[in-house]
Amino acid sequence: MYVVKNGRSGGEVVLCVGISQSKSVVTVQRAFRAKYAKDSRKEKTIRAWYKQFIEIGFLCKQKSSGRPLTAQDDVERVGASFLHSPKKSTGTAAKELSMSKTTVWRVLYKRLVFKPCRIQMLQQLSDEDHRRRLDFCLHLQDLMSSNDYFLEKV
């Protein structure tokens, strides 16, 4: 019987290679309970681990396939579309490019590192505006110093 320390949970996990010696899952379960004083895994799990160990030679979790990456051509099309018209919504772009909204959003946010924002039009301040702001502040200070309850009335 082989025992491997599981670094994530800190507990011992019996990986039932002992079946090849004893030919019995029950024997492996009993040995585990005797050594660690806790219940062992189910028979189905032990057999699956044994099968994996025989076929591949190790019991580490293999990399899962995960979500397939978006093709580089599609990433470039999305980038070009938003560089051409940045005010476009992801839904409109998805329709134009024949992609899902989620794919367009993911490409913009994760692959192209575009962040959503709204362009705001602001007025430009002139030198006269700075003088007016200073005059207003001075006037407000005068009102506050002459009347102690001025701020409460505002």
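Read-outs: derived from the displayed coordinates by stated rules, not from any lab. Everything numeric here is computed off the predicted structure, so don't read it as measured data. So basically every Cβ, Gly included, is an ideal-geometry build from the backbone, and we count neighbours across all protein chains shown.
A few remarks follow.
- Calculated FRET value between Gln62 and Ala34, using beta carbons and R₀ = 30 Å, to 0.05: 0.45
- Förster radius 25 Å - calculated FRET efficiency between Val26 and Gln52, Cβ distance, rounded to 0.05: 0.80
- Residue-by-residue Karplus 3J(HN,Hα) for segment 73-79, coefficients 6.51, -1.76, 1.60, Hz, glycine and proline x: 4, 5, 4, 5, 5, 5, x
- Put a dot 7 Å past the Cα of Arg131, heading toward its Cβ, do the same for His84, and the two dots end up 5.0 nm apart.
- Residue exposure sequence - Val75, Val104 - by fewest surrounding Cβ within 10 Å: Val75, Val104
- Extents of segment 72-111, largest first, come to 21, 17, 16 Å (Cα atoms, principal axes, whole angstrom).
- With contacts taken as Cα pairs under 8 Å and at least 6 residues apart, the chain reaches a relative contact order of 11 percent.
- Each of Thr90, Thr102, Thr70 was scored by other Cβ atoms within 10 Å of its Cβ. Arranged with the fewest first, they read Thr102, Thr70, Thr90.
- Those lysines that a straight Cα-Cα span of less than 16 Å connects to Lys61, excepting residues fewer than 8 apart in one chain: Lys5, Lys51
- Note: relative contact order over segment 63-154, using C-alpha pairs below 8 Å and six or more positions apart, is 19 percent.
- For Lys110, a cut-off of 21 angstrom between C-alpha atoms picks up these lysines, skipping any fewer than 8 places away in its own chain: Lys87, Lys88, Lys95, Lys101.
- Just checking the listed ones, Gln124, Gln29, Gln62: in the Gaussian network model of the chain with Cα springs under 10 Å, the one fluctuating most is Gln124.
- Alpha-carbon gyration tensor eigenvalues x 5, square-rooted, for segment 54-154, Å: 58, 24, 12
- Largest mean-square fluctuation among Lys42, Lys110, Lys88, in a Gaussian network model of the chain whose springs join Cα atoms under 10 Å apart, belongs to Lys42.
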